[in-house]
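Okay, so here's the structure we're looking at.
The values are calculated or read from the model by the stated rules, or taken from the named source; none is laboratory data. Computed from a prediction, not measured in an experiment: that's the story for all the values here. Don't worry about glycine lacking a Cβ; one is built from the backbone with ideal geometry, like all the others, and counts go over all protein chains shown.
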Amino acid sequence: MELFGFGPHLMIDGYHAASEKLQNPELLTEILQDLPRQIDMTVVLPPHVTGYHGLTEEDSGYTGVVIIAESHIAIHTFPKRGFVSVDIFSCKEFDAQQALNYLVDKLDIGRYDTHFINRGKEFPKDLAVAEKILSGEREYLTARLA
């Protein structure tokens, strides 16, 4: 059991994705409703998807987010560029490969880059254990300085 760490953050940059799918707010809403269930997360608020009109048509697209008990999932699309970025941040472990496969399939992503980090490396998962560790460090330092 890990004593510290808030949780995983999967970032996906998808290229050559299906433009018609990236500009479909109903599909994005469906993905944001279904993906949490696919990776065993708990939806707290229904998904919200909104269109964005950038300075150029190429910079326009959709942004969607769903708040989950474990944190959030966000999708940003640029249909004219065939680009999508997705963030899945959670305080609970999840199957990153399953999430990636689901999104690649649903959005017809041709190529992708992923980044996976563990956030909050010093975040104590169990406060009682963290207090014991800190107490031990204090005792060690007190004895060393005496």
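Would you say PRO124 is modelled with pLDDT under 85 and of a type outside the set (A, V, I, L, M, F, W, C)? Steps first, please.
Details: modelled with pLDDT under 85: yes; of a type outside the set (A, V, I, L, M, F, W, C): yes.
For PRO124, the condition - modelled with pLDDT under 85 and of a type outside the set (A, V, I, L, M, F, W, C) - is met.
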inquiry  = Step by step: first the residues of the range 16-31, then only those that are farther than 10 Å from PRO79 by Cα and of a type in the set (D, E, K, R), then the one that is surrounded by the fewest Cβ atoms within 10 Å (Cβ to Cβ). Which residue is that?
reply    = GLU26
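Okay, residues lined up against (1) closer than 17 Å to LEU22 by Cβ; (2) touching a Phe, Trp or Tyr at 6+ places or on another chain (Cβ under 8 Å):
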position: ASP40; (1), (2): no, yes
position: PRO46; (1), (2): no, no
position: THR50; (1), (2): yes, yes
position: ILE68; (1), (2): no, no
position: HIS72; (1), (2): no, yes
position: ASP95; (1), (2): no, no
ask   = Pairs, please: C-beta under 9 Å, at least 6 apart or cross-chain, first residue modelled with pLDDT under 90 and in the range 54-77, second of a type in the set (Gly, Ala, Ser)?
value = GLY54/SER60; GLY54/GLY61; GLU70/GLY7; GLU70/SER90; SER71/GLY7; SER71/SER90
request  = For residues that are within 14 Å of ASP13 (Cα to Cα) and crowded, with 22+ Cβ neighbours inside 10 Å, scanning just the range 84-98, find the one that is nearest to the chain's Cα centre (by Cα).
outcome  = ILE88
note = Checked THR77, THR63 against criteria (out of contact with any Cys (no Cβ under 7 Å at 6 or more places or on another chain) and surrounded by fewer than 17 Cβ atoms within 10 Å (Cβ to Cβ)); the one match is THR63
